[in-house]
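Following: one structure in structure tokens, then a few remarks.
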Amino acid sequence: MTPKVHAFFDEATNTVSYVVQEPQGRHCAIVDSVLDYDPAAGRTDTGSADAIIAWVRNHDLKVSWILESHVHADHLSAAPYLQEALGGKIGIGENIVMIQDTFGKIFNEGTAFQRDGSQFDALFADGDSFHIGQMRADVLHTPGHTPACLTYVIGDAAFVGDTLFMPDFGTARCDFPGGSAEDLYTSIQKILALPDATRIFVGHDYKAPGRDEFAWETTVGEQKALNVHIGKGRPMSEFVEMRTGRDATLGMPRLILPSLQTNMRAGHMPEPEDNGQRYFKVPIDTL
Ligand SMILES: [Fe+2]
């Protein structure tokens with residue numbers, strides 16, 4: 001089964017969002033949407049999400065699911081805004097509860113912030129499946145970048161979030177709380193065990209040395225042969241050494257603080273204070 005896949009690239013955060021549609025039929029899912037955010041002004045904008053809404057409406061599609069591969073640390077999710085406009089259920093991995101526990105503490109959230117994943121419509125476990133119209137989607141738990149990361153396998157297409165990036169860029173960082181380079185290695189082997197022709201759609205692209213265009217689609221076969229971090233059967237010990245060494249040089253993503261406070265609530269902003277205003281917190285000397 002070969003679903004139709006349409007990509008939306010957000011250059012401000014290097015994020016790729018997808019609409020994945022039944023090969024014959026109108027049902028679709030939206031994967032990893034973006035709510036635009038200007039951190040200097042504290043202002044959101046729905047331009048990126050509106051482009052998805054327009055595309056869905058122009059093609060007369062019916063949104064069954066709004067899927068998150070994980071709690072993103074580099075962009076805000078537009079899931080609630082899309083749900084309001086288009087319907088569909090919001091799904092994420094069941095280990096979201098670990099993320100909510102960790103960051104509930106870091107942001108000193110009160111008891112009103114539920115740590116049970118109840119902000120989402122569905123929590124998926126490894127091996128779960130669900131349907132987008134007639135089209136079946138299978139859930140792989142692929143932790144490492146975060147403990148809640150999922151890969152959605154839909155026909156011959158795998159939406160891998162932040163596990164593998166394009167072969168010439170490599171893999172995702174593993175140094176966020178709950179991240180693990182060993183886990184990421186094991187997760188990637190699960191993805192690489194899919195048939196070689198499986199199309200892989202990555203969650204971000206940053207270009208790469210010698211490549212001047214953004215790209216987001218590759219295959220399992222290409223990853224096995226060419227991935228600069230993990231291709232050609234690189235052993236776990238070598239990968240872990242490379243990954244942890246590289247992660248130690250990386251700064252925090254520009255939007256990590258507002259992203260986590262939004263995305264751990266399924267894309268909702270923190271509750272307003274007694275003046276009716278919503279705020280993001282900045283924990284000092286913590287991350
Ligand atoms: Fe991420």
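Side notes on the structure shown:
- Mean residue ellipticity, 222 nm, helices only, the chain: the sum of -39500 (n - 2.57) across DSSP H runs of n ≥ 4, divided by residue count and rounded to 500, is -7000 deg cm²/dmol.
- When only alpha carbons of the chain are considered, Rg and Dmax amount to 18.1, 58 Å.
- Computed over the chain: relative contact order in percent, which uses C-alpha pairs under 8 Å that are six or more apart: 17 percent
- Alpha-carbon centroids, the stretch 205-233 and the stretch 257-287: separation in whole Å: 35 Å
- Couplings for the stretch 177-190, taken from phi via the Karplus curve 6.51 cos²θ - 1.76 cosθ + 1.60 with θ = phi - 60°, read x, x, x, 7, 5, 4, 4, 5, 4, 4, 4, 5, 4, 4 Hz in order; Gly and Pro are left as x.
- Checked against a 28 Å cut-off, the cross-linked pairs LYS105/LYS190; LYS207/LYS232; LYS89/LYS224; LYS89/LYS232; LYS4/LYS89; LYS105/LYS207 give Cα-Cα distances beyond that limit for LYS105/LYS190; LYS89/LYS224; LYS89/LYS232; LYS105/LYS207.
- Proximal charge balance of ASP101 [Cβ under 12 Å; K/R count +1, D/E count -1]: 0
- Within a straight-line Cα-Cα reach of under 17 Å, LYS281 can be paired with the following aspartates and glutamates, leaving aside sequence neighbours fewer than 8 residues apart in one chain: ASP38, ASP74, ASP101, GLU109, GLU271, GLU273.
- Global form of the stretch 165-287, assessed from the alpha-carbon gyration tensor, a/c cut-off 1.5: prolate
- Within the chain, DSSP assigns beta bridges of which about 70% are antiparallel (rounded to the nearest 5).
Only the coordinates and a few stated rules stand behind these numbers; no lab work does. All values reported here derive from a predicted model rather than from experimental measurement. FYI the Cβ positions are ideal-geometry reconstructions off the backbone, even for glycines, and counts take in every protein chain you see.
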